[in-house]
1. Given the rule -39500 (n - 2.57) for each run of at least 4 DSSP H residues, summed and divided by the residues of the chain, what is its mean residue ellipticity at 222 nm, to the nearest 500 deg cm²/dmol?
2. Based on the alpha-carbon gyration tensor of the stretch 97-296 and its eigenvalue square roots a ≥ b ≥ c, which shape applies: rounded if a/c is under 1.5, prolate if not and a/b is larger than b/c, or oblate?
3. Cut-off under 20 Å on the C-alpha distance; same-chain residues fewer than 8 positions from Lys353 excluded. Which aspartates and glutamates are left, in chain and number order?
4. Just to verify a number: FRET efficiency for Thr84 and Thr265, C-beta to C-beta distance, R0 = 45 Å, to 0.05?
5. For Lys29, go through the lysines and keep the ones whose alpha-carbon is under 28 Å away, minus same-chain ones fewer than eight residues off.
6. Does the stretch 168-238 classify as rounded, prolate or oblate by the C-alpha gyration tensor (a ≥ b ≥ c root eigenvalues; a/c under 1.5 gives rounded; else a/b over b/c gives prolate, otherwise oblate)?
7. Just to be sure I understand: with springs between alpha-carbon atoms less than 10 Å apart, which residue in Gly111, Gly25, Gly238 has the highest mean-square fluctuation in the Gaussian network model of the chain?
8. Rounded to the nearest 0.05, what FRET efficiency do Met1 and His64 give with R0 = 45 Å and r taken as the Cβ-Cβ distance? Could you check?
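Every number here is computed from the coordinates shown, using simple stated rules; none is lab data. Computed from a predicted model, the values in this text were never measured in an experiment. We place every Cβ from the backbone using ideal geometry, glycine too, and count neighbours over all the protein chains shown.
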Amino acid sequence: MTSSERNRRLIDIITLLTVPGVGRGRYWKLLKQFGSVEKVLRAPVHQVEAISGLGRAVASAIAHEADRDAAAKVAAQIEEYGWTVLFAGADGYPPMLEEIPDKPPVLFARGELPSADDKMIAIVGTRHASDQGKMFTARLASDLVSAGVTVVSGMAEGIDTAAHAGALEAGGRTIAVWGTSLEITYPPSNKHLAERITERGTIFSEYFPGQGPDRSTFPDRNRIISGLSDGVVVVEAGKKSGALITAELALQQGRELFAVPGPPTADRSIGANSLLKKGARLVTSVEDIFEELPRLRGEVAARRFKAVPNVTDTEQQVIDHLADGPCQVDMLAQKLGLTVSEVLEYLLALELKGIVQELSGKRYVLCE
């Protein structure tokens with residue numbers, strides 16, 4: 001894609017997303033119906049209106065209120081800031097994030113982009129962390145990056161900051177996902193941390209220039225934190241902590257969920273302890289994470305199954321898709337062009353042969 005094509009595509013996306021009444025859900029519904037943003041913007045009102053969940057008001061807004069000139073100015077700002085622009089479905093877009101249903105249509109980045117095969121664990125928790133919680137978080141992040149795992153968090157005060165700092169101090173990579181646009185550092189006290197992250201990691205945001213901190217943007221960005229990651233660790237979280245939103249999203253996305261136990265009488269431990277009661281994997285060291293996700297240690301021994309006798313052609317296709325790590329049943333069905341029930345039959349056959357095993361979240365992985 002040429003630079004002019006990328007710019008035109010960016011302007012189209014901004015134009016559609018800034019139409020009143022069009023959010024991510026309707027954006028993806030429109031794209032599924034028409035195939036491209038360009039076609040959506042050219043579609044007659046009656047065709048848009050006919051799509052379930054759209055209605056006359058939204059269809060009319062797309063036809064009459066889409067402001068391409070304003071979108072072009074936003075795109076020019078993005079270019080002036082020097083942000084990297086990543087389109088869903090295109091090269092460079094994080095592959096784990098492609099799996100989630102409400103992925104950002106466009107993602108902006110500062111710093112060095114992660115590679116497609118990077119292993120990632122998110123660490124999240126309260127802004128009002130204890131000293132012990134921050135020390136544990138920093139050590140856990142250090143141990144993870146020492147094993148080649150990238151640490152993902154939201155750069156909020158408390159646990160998030162400790163996670164990023166611990167990864168950087170150990171010489172590893174870390175990714176921060178912001179609830180503001182990339183030219184607005186929040187909290188301002190983390191400006192130096194943001195600079196360090198861009199030197200040895202990545203800052204991601206889905207927001208256009210000018211988006212400051214807002215009550216809705218931070219919970220919203222949590223789906224990206226969990227979506228990027230193989231698993232999510234909650235260190236300290238109160239009863240209404242935003243980290244619990246990330247935990248819930250992780251389960252919805254089929255990610256592994258971990259929690260660090262805390263004193264039963266501490267308010268900041270209520271949320272994490274509650275997750276443990278509901279089945280989250282207890283974490284007291286990095287080994288607990290590696291036991292649940294052994295591929296994070298390095299090369300998975302199960303790759304020996306890439307070529308095995310006594311399997312059907314379709315079973316071998318399933319094995320090939322699982323060779324790079326765990327995959328959800330829905331995603332396997334999509335890749336193979338089969339129904340979920342058909343894929344489950346093949347997975348059961350492979351389980352009986354000792355080749356695959358089921359993980360939480362309807363995910364399957366090759367056995368070691």
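1. -14000 deg cm²/dmol
2. Taking the square roots of the gyration eigenvalues as a ≥ b ≥ c, the stretch 97-296 is rounded.
3. Partners found: Asp313, Glu315, Asp320, Asp324, Glu342, Glu345, Glu368.
4. About 0.45, to the nearest 0.05.
5. Lys39, Lys73, Lys103, Lys335, Lys362
6. oblate
7. For the chain, modelled as a Gaussian network with Cα springs under 10 Å, the answer is Gly25.
8. 0.90
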